Amino acid sequence: DIQMTQSPSTLSASVGDRVTITCRASQSISRWLAWYQQKPGKVPNLLIYQASTLESGVPSRFSGSGSGTEFTLTIGSLQPDDFATYYCQQYKSYWTFGQGTKVEIK
Amino acid sequence: EVQLVQSGAEVKKPGESLKISCKGTGYSFTNYWIAWVRQMPGKGLEWMGIIYPGDSDTRYSPSFQGQVTISADKSIRTAYLQWSSLKASDTAMYYCARPQGVGNWNDASDLWGQGTLVTVSS
């Protein structure tokens, strides 16, 4: 099985901050990686797929990079609507999700 | 409208059986895989398994193999997740989700059901 490890688990930030979340795969997954945002009581929402392709309708302040085993999600300027939990997902070999990163208000 | 509509919340006792559903509308149901994802209270997302309604080809996560059964009835555009004997530890929100690509299981999901909350308590 491919394991996905996100860091940090929790991140405290302020509106306007640049935020970076890291996701590491236990083996190479090329660019078979997606990022989701989930707010409490809501369904996960796809932000980025193929490591860096922005899903339609997602604000351009979100960006993704990486390949192989190391990936990052960056929020260029954190907005009030961005406080949520973020998950990475590999889909090279079925699906595995990272444990999540909660972005909270500092 | 393209959507996945899941059955309603369930409250069950340990040892009982349960089958929850996920109906796909607005797209070619038989040409896309459907995955099931568990989210236990306050926890992250866990992939349980996936089915191709076109021919009922099914794959399971090793963590869930033998614990649940995934099936589909393409005539009514519905996928199912079932348990034969529930445990308290099955208490969770269960989502169905559709990978983006036609015929691809190895894809991100841009379409999720609204979730079905299953509560197992004596």
Within the set of pairs 6 or more residues apart or between chains, which connect a residue that is more than 10 Å from chain A (Cβ to nearest Cβ) and in contact (Cβ under 8 Å) with a residue 24 or more places away in the chain inside the range B:95-110 to a residue that is in a loop (DSSP other than H, G, I, E, B) and among the β-branched types (Val, Ile, Thr) with Cβ atoms less than 9 Å apart? B:98/B:2
Going by what's in this entry, would residue B:55 be described as of a type in the set (D, E, K, R), more than 24 Å from residue A:41 (Cα to Cα) and within 10 Å of chain A (Cβ to nearest Cβ)? no
Residue ID - surrounded by the most Cβ atoms within 10 Å (Cβ to Cβ), chosen from residues in the range A:38-90 that are of a type in the set (A, V, I, L, M) and not in a strand (DSSP E or B): A:51
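Condition check ((1) buried (at least 16 other Cβ atoms within 10 Å of the Cβ); (2) in a loop (DSSP other than H, G, I, E, B); (3) at pLDDT 95 or above; (4) of a type in the set (D, E, K, R)) across all residues:
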| site | (1), (2), (3), (4) |
| --- | --- |
| B:15 | no, yes, yes, no |
| B:20 | yes, no, yes, no |
| B:23 | yes, no, yes, yes |
| B:35 | yes, no, yes, no |
| B:47 | yes, no, yes, no |
| B:51 | yes, no, yes, no |
For the range A:9-37, give me each residue that is within 14 Å of chain B (Cβ to nearest Cβ), part of a loop (DSSP other than H, G, I, E, B) and surrounded by fewer than 19 Cβ atoms within 10 Å (Cβ to Cβ). A:9, A:30, A:31
Within the group A:53, A:85, A:69, A:10, which residue is within 11 Å of the chain's Cα centre (by Cα) and at pLDDT 95 or above? A:85
Being under 17 Å from residue B:39 (Cβ atoms) and touching a residue at least 12 places away in the same chain (Cβ under 8 Å), is that true of even one residue in the range A:46-57? yes
State all residues of the range A:67-100 that are more than 14 Å from every other protein chain (Cβ to nearest Cβ) and aliphatic (A, V, I, L, M); if no residue qualifies, say none. A:75, A:78
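The values are calculated or read from the model by the stated rules, or taken from the named source; none is laboratory data. Note that the structure is a prediction, hence the values are computed from the model and not measured. FYI the Cβ positions are ideal-geometry reconstructions off the backbone, even for glycines, and counts take in every protein chain you see.
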